[in-house]
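J.: Here it is, the structure, as C-alpha cells.
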Amino acid sequence: MADKGEVDALIRTLRNKNEDWQARAIAAAMLGNAGDAKAVDALIEALKDPDNDVRKRAAEALGKIGDTKAVDALIAALKDPEGEVRWRAAQALGTIGDLKAVDPLIQVLLDEYWLVRHHAAEALGNLGDSKAVKPLLRAMKDEHWSVRHVQATIASALQRLEETKAAKPVLQTIAEKVLMS
C-alpha cells in the first residue's frame with residue numbers, strides 16, 4: 001500500500017502532460033494497486049489522455065479502486081476508439097457493480113472486438129439485472145467466430161443471473177449448438 005506522499009506524487013505524474021506517456025501509464029497502474037480513492041479524479045481525467053496505454057491503465061485502476069464516482073466516465077470509455085480501453089472499462093464496470101452500467105454494457109455486447117463483448121457479458125452477469133437476459137441470449141446465438149470465444153462467459157453470466165426464465169432458452173440454445181456441430 002502506497003503512503004499519502006507516494007499517492008500524491010503518482011497523481012502529479014499522471015496529471016503532468018509533459019511527462020512521458022510510459023511514466024503516466026505506470027503511475028495510473030500504481031494508483032490502482034494503491035487502491036486510494038483520492039486518485040479517482042485524476043484517473044477519470046486520464047481516461048481522456050491522448051495515449052491509449054494511459055487510458056487503459058486508468059480504466060483498469062478505476063476498477064481496482066471500485067469507486068462509483070467513476071461509473072459515468074467508464075461508461076463514456078466504452079466508446080473509446082481503442083478496444084483495450086473499452087474492454088477494461090467494461091471489466092471495471094462489472095467490478096464496481098453500479099446498475100447504471102447495464103444499458104451501456106448491453107450496447108457493447110455488439111462491439112467489434114471480442115474481448116469487449118466477453119467482458120461486457122461477464123460484467124452483466126456480475127450486475128445481475130434481469131434486463132440483460134434477452135441481450136445475453138441474443139449474443140449467445142451470434143454466429144461470428146469471435147463470439148464463440150465468449151459463449152462460455154455468456155452462459156456463465158446467465159447462470160449467475162439466476163433467472164428461471166433464462167434456463168429454458170439457454171438450454172435450447174445449447175442444444176441447437178450441439179445439433180449443428
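The values are calculated or read from the model by the stated rules, or taken from the named source; none is laboratory data. Computed from a predicted model, the values in this text were never measured in an experiment. Cβ placement follows ideal geometry from the backbone for every residue including glycine, while neighbour counts extend to all protein chains displayed. Only protein heavy atoms, including side chains, enter the accessible area calculation; ligands, DNA and RNA are left aside. Shrake-Rupley method; radii C 1.70, N 1.55, O 1.52, S 1.80 Å.
J.: Counting alpha carbon pairs within less than 8 Å and at least 6 residues apart, what relative contact order, in whole percent, applies to the chain? Intermediate results must be reported in sequence, preceding the final value.
T.: Values: 289 pairs, mean separation 24.4, N = 181.
Taking the mean separation of contacting Cα pairs over the length of the chain, I get 13 percent.
J.: Would you mind giving the three semi-axes, in whole Å and largest first, of the ellipsoid equivalent to the chain according to its Cα gyration tensor? Please list the in-between numbers first.
T.: Working: eigenvalues 245, 50, 26 Å².
Result for the chain: semi-axes of 35, 16, 11 Å.
J.: Follow-up. Give me the dipole magnitude in Debye, nearest 20, for the chain about the Cα centre, with unit charges on the beta carbon: positive for Lys and Arg, negative for Asp and Glu. If you can, show how the numbers build up before the last one.
T.: Working: 26 positive and 28 negative charges, 104 e Å.
Once rounded to the nearest 20, the dipole reads 500 debye.
J.: Compute the acute angle (0 to 90°) between the alpha-carbon long axis of helix 52-65 and the principal axis of greatest extent of the alpha-carbon atoms of the chain; round to the nearest 10°.
T.: 80
J.: So for the pair residue 130, residue 113, with labels modelled 7 Å out along Cα→Cβ, what separation do we get in nm?
T.: For the pair residue 130/residue 113, the computed spacing is 3.4 nm.
J.: On a 0 to 90° scale, report how tilted helix 164-180 is relative to the longest principal axis of the chain, with both axes built from alpha carbons and the result rounded to the nearest 10.
T.: The two axes meet at around 70 degrees.
J.: On to the next question. Assuming a ≥ b ≥ c are the square roots of the Cα gyration tensor eigenvalues, decide whether region 18-125 counts as rounded (a/c under 1.5), prolate (otherwise, with a/b larger than b/c) or oblate.
T.: It is oblate, given that a/c is not under 1.5 and a/b is not larger than b/c.
J.: State the extension gain, in nm to one decimal, for the chain segment bounded by residue 72 and residue 38, taking 0.36 nm per residue of separation less the distance between their alpha-carbons.
T.: Working: separation 34, 0.36 × 34 = 12.24 nm, distance 1.73 nm.
Here the segment from residue 72 to residue 38 would lengthen by 10.5 nm.
J.: Considering only 137, 121, 104, whose Cα is most displaced toward the positive end of the charge dipole of region 61-157, charges sitting on Cβ of Lys, Arg (+1) and Asp, Glu (-1)?
T.: 137
J.: Quick check: the angle from helix 4-15's long axis to the longest principal axis of the chain, C-alpha only, nearest 10 degrees?
T.: The angle comes out at about 80 degrees.
J.: Let me ask something else. Tell me, what % of the accessible area of the chain is carbon and sulfur with a 1.4 angstrom probe?
T.: Values: 4890 of 9320 Å².
The C+S portion of the solvent-accessible surface of the chain is 52 percent.
J.: From the square roots a ≥ b ≥ c of the eigenvalues of the alpha-carbon gyration tensor of region 32-72, which class results: rounded (a/c under 1.5), prolate (a/b over b/c), or oblate?
T.: prolate
J.: State the extension gain, in nm to one decimal, for the chain segment bounded by residue 100 and residue 8, taking 0.36 nm per residue of separation less the distance between their alpha-carbons. Don't skip to the end; give the middle numbers.
T.: Numbers: separation 92, 0.36 × 92 = 33.12 nm, distance 3.01 nm.
Residue separation times 0.36 nm, minus the Cα-Cα distance, leaves 30.1 nm.
J.: Cut-off under 20 Å on the C-alpha distance; same-chain residues fewer than 8 positions from residue 134 excluded. Which aspartates and glutamates are left, in chain and number order?
T.: 98, 103, 111, 112, 122, 142, 143, 162, 163, 176
J.: Specify whether the C-alpha gyration tensor of region 58-107 places it in the rounded, prolate or oblate class, a ≥ b ≥ c being the square roots of the eigenvalues: rounded for a/c under 1.5, otherwise prolate if a/b is larger than b/c and oblate if not. Intermediate results must be reported in sequence, preceding the final value.
T.: Working: a/c = 1.76, a/b = 1.12, b/c = 1.58.
Verdict is oblate for region 58-107.
J.: Cα-Cα over 19 Å: which of 69/131; 38/64; 17/48; 69/100; 48/69; 38/69? Can you show the working numbers first?
T.: Numbers: 69/131 23 Å; 38/64 13 Å; 17/48 12 Å; 69/100 12 Å; 48/69 16 Å; 38/69 11 Å.
Violating the 19 Å limit, Cα to Cα: 69/131.
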